[in-house]
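Some notes on the structure that comes next.
The values are calculated or read from the model by the stated rules, or taken from the named source; none is laboratory data. Only a predicted model underlies this, so the values are computations on that prediction, with no experimental measurement involved. Methodologically, a virtual Cβ is constructed for each residue, glycine included, from the backbone with ideal geometry; neighbour enumeration extends over all protein chains shown. When the accessible area is computed, the model is the full protein with side chains, heavy atoms only, and any ligands, DNA or RNA have been set aside. Shrake-Rupley method; radii C 1.70, N 1.55, O 1.52, S 1.80 Å.
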Amino acid sequence: MLSFVAASAMALAALAPTGGPHFTDPPQNEIVIDLVTVNGSGCPIGTTAVALSPDNKAFTVTYSDYLAQVGVGAKPTDFRKNCQLNLIIHVPQGFTYAIAQADYRGFAHLEPGATAMERASYYFQGMSQTPATTRALRGPLSDNWQSTDHVDVTQLVYAPCGEERNININTELRVNAGTSDPSTTSFVTMDSTDGSISTKYHFAWKKCTDA
């Protein structure tokens, strides 16, 4: 089990949307994220890292070997890659959290006629899974890509107060050669060898006494 510990947090201005749930400042106490299990062809052991932001507003997942490809040099199974992460986020007593937004980033090189797809979902153990979000990419393309999943305040799913529930994060990349030239290679990544590209999950905090 790997632990990632944040330093003392800076306060975030409280959010209190009219008619919606009450949001509070992030806790200023230490928060620990345990990366319990990592499974999938897109995240071999040792290629995935998790880090908490200094202000306790979000955490990032960085991949260093998450690539799906087709064409020259690709294996038959390389067209699809996936990753399943299981985390425990230890929060101070009296607080709970939901995932309010998720930012996914990567790079794609798609020849004319090729397509790619990124899909993601996350959920607390024993609770309903969030609907998967999907982003489609179409060639010709050779550029960075980004996808953001916003959750409406009325649909936020909070971890049960007083319980530590594992959170599961599932992602998938696919590439389809389509009508592209078979002598070429098309690929899509969700990786970052230099740490500049990462997947970010934004917290929505709530005090359990406010529930």
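Before moving on, here are some points about what is shown:
- First in the stretch 160-187 and in contact (Cβ under 8 Å) with a residue 12 or more places away in the chain, second anywhere and basic (Lys, Arg), Cβ under 6 Å, 6 or more apart: Glu172/Arg119; Leu173/Lys81; Arg174/Arg80
- Residues located in the stretch 143-174, provided they are more than 21 Å from Thr62 (Cα to Cα) and not in a loop (DSSP other than H, G, I, E, B): Val153, Thr154, Gln155
- Checking every residue in the stretch 72-82 against the condition of being over 22 Å from Gly40 (Cα atoms) and either without any contact (Cβ under 8 Å) to a residue 24 or more places away in the chain or not basic (Lys, Arg) (or both) gives at least one match.
- All conditions in (1) open to solvent by less than 30 Å² (accessible area, probe 1.4 Å); (2) assigned to a strand (DSSP E or B); (3) touching a Lys or Arg at 6+ places or on another chain (Cβ under 7 Å) hold for Tyr122, with the sole exception of (3).
- Every residue from the stretch 39-61 that is surrounded by fewer than 20 Cβ atoms within 10 Å (Cβ to Cβ) and assigned to a strand (DSSP E or B): Asn39, Ala49, Ala51, Ala58, Thr60
- For the stretch 94-108, the condition holds for at least one residue, the condition being that it is modelled with pLDDT of 95 or more and over 23 Å from Ala51 (Cα atoms).
- Residues being at pLDDT below 90 and in contact with a Lys or Arg (Cβ under 6 Å, 6 or more places away or on another chain) - total across the stretch 159-179: 1
- Here Pro160 meets the list (1) over 30 Å from Thr184 (Cα atoms); (2) in contact with a His (Cβ under 8 Å, 6 or more places away or on another chain); (3) loosely packed, with under 15 Cβ neighbours inside 10 Å; (4) not charged (D, E, K, R) almost entirely, failing just condition (2).
- Residue ID - modelled with the highest pLDDT, chosen from residues in the stretch 192-211 that are open to solvent by 40 Å² or more (accessible area, probe 1.4 Å) and in contact with a Gly (Cβ under 8 Å, 6 or more places away or on another chain): Lys207
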